[in-house]
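Chemist: Quick one: the structure is below, questions incoming.
A short reminder: the numbers here are calculations on the coordinates, not readings from a lab. Please read all numbers here as calculations on a predicted model, not as lab measurements. No Cβ is skipped: glycine too gets one built from the backbone with ideal geometry, and neighbour counts run over all protein chains shown.
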Amino acid sequence: MTKAYRNSNTDPEFGVDSRYPSKTAYQSEATALMEARLERMINMSKDQVIRAKLMQLKFKMEEFIKQPVYEQHYFFSEFLQSYVDIIYSKRTVFAKDIGTTPVKLSQIINNHRPPQDDFILKLMIHSERIYKDVCEFQKEIWYQVYFHEKLCNTMSTQQEWKPKLEQEVYVSEPIVKYGENKK
């Protein structure tokens with residue numbers, strides 16, 4: 001890096017605390033940084049790449065759980081697909097390792113069937129073993145992702161199911177009548 005970054009500049013185009021006196025200096029530093037990153041990535045071993053991808057997947061799953069996303073989307077299967085593809089060259093080997101069939105695994109990944117409890121439990125054990133030497137991993141995150149996805153899908157389709165079900169739900173003995181304040 002050059003000494004150009006020491007000049008403090010608060011140009012919003014470069015960010016809140018830009019230290020580059022010009023756009024050329026910024027681009028020069030960005031290019032140098034990208035070249036250094038690429039050089040480092042080229043020299044990474046296959047094991048290091050897998051570890052980095054597993055950590056990235058873990059962070060994506062944790063972020064998903066924290067977000068109040070209310071859109072219909074299949075995050076569990078996408079995370080599962082990423083997990084399997086990071087570790088295995090063939091999905092059939094993963095299916096064998098967790099005691100399921102390649103067909104069932106494919107159906108879960110492609111959202112043709114929901115994962116059963118025993119599948120998620122085996123996935124938890126598997127990921128616990130895989131992440132043991134990578135980073136701290138909360139094995140229950142697979143259940144959290146699955147149920148958060150179900151909640152998001154339910155809430156995003158509320159306009160479809162709610163009108164019909166509202167006609168079937170009654171409150172025969174309300175505790176407090178509407179419009180009355182308890183004194």
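Chemist: For CYS135 and GLN159, what is the calculated FRET efficiency with R₀ set at 45 Å and r taken between the beta-carbons, to the nearest 0.05? Display every interim value, and only then the final one.
Modeler: Values: r = 40 Å, r/R0 = 0.90.
Taking R0 as 45 Å, the efficiency between CYS135 and GLN159 is 0.65.
Chemist: Here is a follow-up. Can you give me the distance in nm between label points at ILE87 and ILE125, each placed 7 Å from the Cα along the Cα-to-Cβ direction?
Modeler: Spacing of the two 7 Å Cα→Cβ label points: 1.2 nm.
Chemist: Rounded to two decimals, what is Rg over Rh for the range 78-177 when you use alpha-carbon atoms and the Kirkwood radius? Provide the component values of the computation, followed by the final result.
Modeler: Values: Rg = 18.9 Å, Rh = 16.2 Å.
Ratio value, two decimals: 1.17.
Chemist: Another question about this same structure. Quick check on my link table: of LYS58/LYS162; LYS23/LYS53; LYS66/LYS122; LYS53/LYS150; LYS46/LYS139, which ones sit more than 30 Å apart, alpha carbon to alpha carbon?
Modeler: Checking Cα-Cα distances, LYS58/LYS162; LYS23/LYS53 exceed 30 Å.
Chemist: Same structure again: Could you give the dipole magnitude of the range 36-157 about its Cα centre, charging the beta-carbon of Lys and Arg +1 and that of Asp and Glu -1, in debye to the nearest 20? Walk me through the numbers on the way to the answer.
Modeler: Details: 18 positive and 15 negative charges, 74 e Å.
The calculation lands at about 360 debye.
Chemist: With each pseudo-label sitting 7 Å past Cα toward Cβ, what's the SER106-MET55 distance in nm, one decimal?
Modeler: Reported label-point gap for SER106 and MET55 is 3.5 nm.
Chemist: Sticking with the crude label model, points 7 Å out along Cα→Cβ, report the distance from GLN167 to SER22 in nm, one decimal please.
Modeler: 7.2
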